[in-house]
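The values are calculated or read from the model by the stated rules, or taken from the named source; none is laboratory data. Predicted model, so just to flag it, every value in this text is computed and none were measured. Ideal geometry is used to build each Cβ from the backbone, glycine not excepted, and the neighbour counts take in all protein chains shown. Accessible surface is based on the protein model in full, side chains and every heavy atom, while ligands, DNA and RNA are left aside. Shrake-Rupley method; radii C 1.70, N 1.55, O 1.52, S 1.80 Å.
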Amino acid sequence: MTRLPDTTDIRPITDAELPDWMRAVRTGFLRPPTVTDEQIADRRATLAGSRPAAAFDAGRCVATFRSFPQELTAVGGTPVPADAISNVTVSPTHRRRGLLTRWMTGDLADAKERGDVVATLIAAEFRIYGRYGFGPATTCTEWTVDVTRSGLDPRWAGPEDGGRIDLVDGDEVRKIGPELHERLRRAQPGAVSRLGHWWETETGVVRFSGEPWTEPFYAVYRSAGGRVEGLVSYTADDHWGDNKQPLNTASVNWLITTSPAAERALWHYLCSIDWVARVKSGWRSPDDLLPHLLPDPRAAAVTTHADWLWVRLLDVVRALEARSYDVPGSLVLEVADRSGLAGGRFLLEASPDGASCVPTARSADLALDVAELASLWLGDESAVRLAALGRLREERAGAARKADALLRTSVRPWCPDLF
């Protein structure tokens, strides 16, 4: 590894350095490196509680990093404190100098000292974060629905369950959205808390990204009793084919629901909009109901399927005790952690009534890296699969199958958010 120049300084940024930090972030993500005074003011307002940092070389901002407090929902609905990591960039002139390693080492150690159970991030590139103990813990899937092949009744005009769908504006979204999301994320393993500015950013009140703002459409589903159970944000293009045939695409920015009825109603609504020939679902859970809400599920073609939320365990004991288990069982895990933050041998004893996890001297059933344990923790990955890939080792025959029976979940974890 190249020795860092003596002039390189990694530290939290000052308020006066925020414009340089924003330009460096945009440079790292290959966006035009210009920011306006208004964008700087909006960004400043959203950084409260965050920990933005930068690397400076001869006074120039050449790399960026930010972490902030977050809650992540474990299997069973218990939220655990997390260290969320974002805005990670290194300018092309300063690659391969160990800047990210220095940052990660310090940030994860600080997070453990604060009492965070996990760290989280959304990885732009797959191969970077495994070396820091992160493992992919959820996936996302995007479907494109060919409305003409869906089999839905083109005469559909509203939910058949007594509920209703209404178009609303940004003001209404900011009123009803936060409470709806709180209900969702408390029940959805893998979901995360949202910073206070999320709803302002998604409705155009805050515009620090520098991208042009176009007001989307918002639709809300209310049950027969008047309870808000679903909300969607979407846009539509303007594309017409030969002979004046409308071929527009409705693209979902986000869709959140707290009931299957709301999910069914909102997808049917999106597929019933006049002139819309295709619906792009946006990033959804891999076991989303969408395809099977259509009479012909083949009308929903998978256009994206990839890793999404990455998790890094900082406290194995608290992480394994925080989640729920559907069946009783015990497991001894030998966890390797090259950073020394969360390694050790642990005895997990679990049942539907609760779990205990303690360090132990018993012989191990499974030996694995902390990154692999992070992939198993939310219940989506299979220990049998990881064993076949050579990413964990059975120390006792049948231990991987036993781990799957204990750790895997019937509903797959999902993180609706990009951060």
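Points worth noting:
- Looking across the range 372-419, the residues that are touching a residue at least 24 places away in the same chain (Cβ under 8 Å) and open to solvent by 60 Å² or more (accessible area, probe 1.4 Å) come down to Arg393, Glu394, Glu395, Arg396, Lys402, Ala405, Arg408, Ser410, Val411, Arg412, Leu418.
- Members of the range 190-219 found to be within 30 Å of Ser324 (Cα to Cα) and either modelled with pLDDT under 95 or open to solvent by 20 Å² or more (accessible area, probe 1.4 Å) (or both), listed by number: Ser193, Arg194, Leu195, Gly196, Trp198
- The range 21-46 - residue that is part of a loop (DSSP other than H, G, I, E, B) and touching a residue at least 24 places away in the same chain (Cβ under 8 Å) and, of those, nearest to Ala111 (Cα to Cα): Phe29
- Test: residue in the range 152-161 that is among the charged types (D, E, K, R) and either part of a helix (DSSP H, G or I) or open to solvent by less than 20 Å² (accessible area, probe 1.4 Å) (or both): no
- Near pairs, Cβ below 6 angstrom, 6+ apart or cross-chain, from the range 243-271 (of a type in the set (Lys, Arg)) to any residue that is buried (at least 18 other Cβ atoms within 10 Å of the Cβ) and not in a strand (DSSP E or B): Arg264/Leu293
- Filter result for Glu179 (open to solvent by 50 Å² or more (accessible area, probe 1.4 Å), modelled with pLDDT of 95 or more and within 24 Å of the chain's Cα centre (by Cα)): yes
- Identification of strands (runs of 3 or more DSSP E) wholly contained in the range 314-361 with 2 or more residues that are at pLDDT 95 or above, open to solvent by 40 Å² or more (accessible area, probe 1.4 Å) and touching a helix residue (DSSP H, G or I) at 6+ places or on another chain (Cβ under 8 Å) yields 354-359.
- None of Gly196, Gly190 is in a loop (DSSP other than H, G, I, E, B), touching a Leu at 6+ places or on another chain (Cβ under 7 Å) and within 27 Å of Thr120 (Cβ to Cβ) except Gly190.
- Any hit, the range 407-415, residues being aliphatic (A, V, I, L, M) and more than 26 Å from Pro260 (Cβ to Cβ): no
- Residues located in the range 224-254, provided they are open to solvent by 20 Å² or more (accessible area, probe 1.4 Å) and among the polar types (S, T, N, Q): Thr235, Asn243, Gln245, Ser251, Asn253
- Count - residues of the range 66-124 that are open to solvent by less than 30 Å² (accessible area, probe 1.4 Å), part of a strand (DSSP E or B) and hydrophobic (A, V, I, L, M, F, W, C): 9
- When restricted to residues that are open to solvent by less than 40 Å² (accessible area, probe 1.4 Å), more than 30 Å from Ser410 (Cβ to Cβ) and assigned to a strand (DSSP E or B), the range 272-288 contains 2.
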